[in-house]
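Where a number appears in this text, it was derived from the coordinates with a stated rule and is not lab data. Given the structure is predicted, the values throughout are model-derived calculations rather than measurements. For neighbour counting, all protein chains shown are included, and Cβ atoms are generated from backbone atoms with ideal geometry for every residue, glycine included.
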Amino acid sequence: MEDAGKYFQEEIHFTPQTTLYILAPRHWSAIAAPALKEVYGFPHNIDHVRLAIAAEDNDFWRSFLPLIDQLPPATVADVNKAYRNADGTYSMMPFFDLLALHEMGHSYTAQAGLKMHRKWMGELFCKHYVAHFCCGKATCTFTCLRNLSQYGNKRR
Ligand SMILES: [Zn+2]
């Protein structure tokens, strides 16, 4: 998040005011937006200044893990590179870090006064915001994010 802030300060000469809450499960419901109080781990922009992010792996993140044995080998390699821990377990934390970055993108549009005429335009801006940052910084994770979008829904 800090790297993204520095990156976009250099790119667009603007940094939104942001207060990042990295929350333990016991603190989540006191800070999270009302609609997400029961969903520990869902990073979100509470009010265009405060961002809520989970401090630890959780059931919500684990629910996004693909079934590794059902993925094509090339995707397994990407998933292993991006989401496999040193102990052989998996964590979707890098994915949710990107989602947190997406949420920070909403602070840019809101605080810079960009008028988004449709909700999807704001979401598209944030998607490009993340892609623009990641393509220069963490290509592997972004590639894996794209690959997972093709296979993630086969889990259910
Ligand atoms: Zn969004």
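On the basis of being among the β-branched types (Val, Ile, Thr), within 16 Å of the ligand (Cβ to nearest atom) and over 24 Å from His128 (Cβ atoms), does Val39 make the cut? Walk me through how you get there before you give the answer.
Numbers: among the β-branched types (Val, Ile, Thr): yes; within 16 Å of the ligand (Cβ to nearest atom): yes; over 24 Å from His128 (Cβ atoms): yes.
So Val39 passes the test.
Taking the stated definitions as given, is Leu67 away from the ligand (no atom under 16 Å from the Cβ), of a type in the set (A, V, I, L, M), under 26 Å from Gly5 (Cβ atoms) and surrounded by fewer than 20 Cβ atoms within 10 Å (Cβ to Cβ)? Steps first, answer last, please.
Numbers: away from the ligand (no atom under 16 Å from the Cβ): yes; of a type in the set (A, V, I, L, M): yes; under 26 Å from Gly5 (Cβ atoms): no; surrounded by fewer than 20 Cβ atoms within 10 Å (Cβ to Cβ): yes.
The answer is no for Leu67.
It is to be established whether one or more residues within segment 72-84 are over 17 Å from Gly5 (Cα atoms), outside any loop (DSSP other than H, G, I, E, B) and polar (S, T, N, Q).
Kept after step one, since they are over 17 Å from Gly5 (Cα atoms), are these residues of segment 72-84: 72-84.
Filter again for outside any loop (DSSP other than H, G, I, E, B), leaving 73-84.
Still in the list and also polar (S, T, N, Q): 75, 80.
Within segment 72-84, one or more residues are over 17 Å from Gly5 (Cα atoms), outside any loop (DSSP other than H, G, I, E, B) and polar (S, T, N, Q).
Can you tell me which condition Val76 does not meet? The list is (1) touching a helix residue (DSSP H, G or I) at 6+ places or on another chain (Cβ under 7 Å); (2) in contact (Cβ under 8 Å) with a residue 40 or more places away in the chain; (3) of a type outside the set (Ser, Thr, Tyr), and all the others hold.
Val76 satisfies every listed condition except (2).
Among what's in segment 51-64 and is of a type in the set (D, E, K, R) and assigned to a loop (DSSP other than H, G, I, E, B), pick the residue that is farthest from Glu2 (Cα to Cα). Can you show your working first?
Our first condition is that a residue be of a type in the set (D, E, K, R); within segment 51-64, this holds for 56-57, 59, 62.
From what's left, assigned to a loop (DSSP other than H, G, I, E, B): 56-57.
Numbers: Glu56: 19, Asp57: 21 Å.
The extreme case among them is Asp57.
Quick one: in segment 85-115, which of the residues that are in a loop (DSSP other than H, G, I, E, B) and surrounded by 15 or more Cβ atoms within 10 Å (Cβ to Cβ) is farthest from the ligand (Cβ to nearest atom)?
This residue is Ser91.
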